[in-house]
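Everything below concerns the one structure shown next.
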Amino acid sequence: MSTKKTVLYSLHQAKGAKIIDFAGWLMPVEYTSMLKEAAAVRKSVGLFDVSHMGEIFVRGPESEKFLQYICSNDVKSLKEGQMQYNLLLNAQAGIIDDFMLYKARDYFLLIVNAAGCEKDYAWLKSKSSGFRVEIKNQSENFFLLALQGRKSEEILRQLELREAANLGYMHFGLFSTAGFGSLLISRSGYSGEDGFEILGENKFAALLWQSLEKAGRDFDLWLCGLGARDILRLEAGYPLYGVDMNEENNPYEVSLGWAVKEGKNFIASENLTQAKAWLEKKRIGFIMQERGFARAHYPIYNAAGRLIGEVRSGAYSPNLDKFIGSGFVALDYAQENKEIFIEIRKKRLRALTKKFPFLKLGVRKGGGDGKKVFANS
Amino acid sequence: MGKRFSQTHEWVEIENNNRARVGISDYAQKELGDVVFLELPEVGKEFTQGEQFGTIESTKSVSELYLPVGGKILAVNQKVIDNPALVNQSAEQDGWLVEVELEDASQINSLLGKEDYLKFVSQAE
């Protein structure tokens, strides 16, 4: 299968971005330096092309019933214009993917990871036969941009998107614009900063990208690639499917029990209770206390030399000026400030566990006029 | 005398009397991206030509460093240990890695001059 390009690929190429293959897509990993890009998002604002992600639409009279059955979270509690973090679980309570669920007036939208899109779509279709629903994978019709950082709102106001700038966190709206067609804009993101995600039709992608770039010049806007995106989400404590979790993991191991609505008629109900009761390991963050870069699959030991887990994610955090990471550890170590040792090229280096997030997040709770409160997690 | 380059992207520059400086090429730092960590040897350790003498880590990769000429480590650049980004900023000047007492200065003849190295790099792409 050949690699795919987003509708903005030629713009990234023209900017001299370093391109990598991510989940079968040629994507910019950085434009200048991923460390500088990640720092810029927490100081001013960054713009990301995340058009590789998938968009699956669910329509029909039994949409909510179907989604309540197949998604982990409480879909019934969603109001129109709200979005919700969700997991697709198999019958054994293993995680198939994580995604955002949007409730619009006439449909539900799932924005899923690029790597899992085909798999998720096939899974949804295979489980929908008993329900009056219509499921469509429309990923190839849309671009998706992420504008992340404290200056995001001001930039939206610079373009004709003032209504969108007033959205509350985890809320979205559909906005008809003069220049960019109909846009679905949500106050959400993967960076842990205040920001927006913008979904629109491909033919408007380049114009919107360039308009945001132009408007951003007064606000120190940086173009950011997947490298910065990965650093930011780790600093925020957000898991990455395929790295921090896969189908062998249940939500409780990954500290995603909060995204599971227990007690509903749900495909994984039986095995969820078992998974919770038989929990042996848990995902936790850590900060290196001796200089070293912890990477995926490096073993984790306790002071006595017992193997207690393994690293999954690791990075140098430019915003903390520390090497950080996350991984699975035995339950008694999945708490704050436990001493652990990461084996890096035969040396065991000291680290201290840390609950997520690693730093104070800038996402806003509440919303609308004047009622903005910064959430601390 | 100028720099000579290995095909593994290290350079060596003779300073005087068999004392030489070693670093990585500008091409290498561009390929690596942000350098975040360096593992360099202790002063006094000896390596043969082509032997791994350390490790350089960028945000996305771990790469071995190979000594382009054999010898004994005389000095380690503490500035790059404290600030790995210096390797990106100035790989072929201030971002040098180690200084070496050469066991055999003629080994330098097996390395590439700058022009040949740049040609080698452009052919590899």
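The values are calculated or read from the model by the stated rules, or taken from the named source; none is laboratory data. All of these numbers come straight from a predicted model, not from anything done at the bench. We place every Cβ from the backbone using ideal geometry, glycine too, and count neighbours over all the protein chains shown. When the accessible area is computed, the model is the full protein with side chains, heavy atoms only, and any ligands, DNA or RNA have been set aside. Shrake-Rupley method; radii C 1.70, N 1.55, O 1.52, S 1.80 Å.
Below are the figures for this structure:
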{"read-out": "For segment A:26-41 and segment B:1-67, distance of Cα centres in Å", "value": "25 Å"}
{"read-out": "Highest-MSF residue in chain A out of A:V112, A:V243, A:V45 [GNM, Cα springs under 10 Å]", "value": "A:V243"}
{"read-out": "Potential extension, A:T177-A:E213 segment - 0.36 nm per residue separation minus Cα distance", "value": "11.2 nm"}
{"read-out": "GNM result for chain A, Cα springs below 10 Å: residue of A:G54, A:G168, A:G242 fluctuating most strongly", "value": "A:G242"}
{"read-out": "Estimated distance in nm for a label pair at B:K119 and A:E201, the labels positioned 7 Å out from Cα along Cα-to-Cβ", "value": "5.5 nm"}
{"read-out": "Segment A:K346-A:D220, extension gain: residue separation times 0.36 nm, minus the distance between their alpha carbons", "value": "41.1 nm"}
{"read-out": "Contact order relative to length of chain B, as percent, for alpha carbon pairs under 8 angstrom and 6 or more apart", "value": "30 percent"}
{"read-out": "Pairwise label distance in nanometres, A:R150 with A:K79, each label 7 Å out on the Cα-Cβ vector", "value": "2.9 nm"}
{"read-out": "GNM result for chain B, Cα springs below 10 Å: residue of B:D26, B:D34, B:D104 fluctuating most strongly", "value": "B:D104"}
{"read-out": "Accessible surface, per residue, of the protein assembly as shown when the full set of protein chains is kept, probe 1.4 Å, Å²", "value": "44 Å²"}
{"read-out": "Projected label distance in nm at A:Q13 and A:S269, using a 7 Å step from Cα toward the beta-carbon", "value": "5.3 nm"}
{"read-out": "Accessible area buried at the B-A interface, both sides summed, 1.4 Å probe (Å², nearest 100)", "value": "1300 Å²"}
{"read-out": "Carbon plus sulfur fraction of accessible area for segment A:39-161, probe 1.4 Å, in percent", "value": "46 percent"}
{"read-out": "Accessible surface of segment A:246-377, 1.4 Å probe, proportion on carbon and sulfur as whole %", "value": "48 percent"}
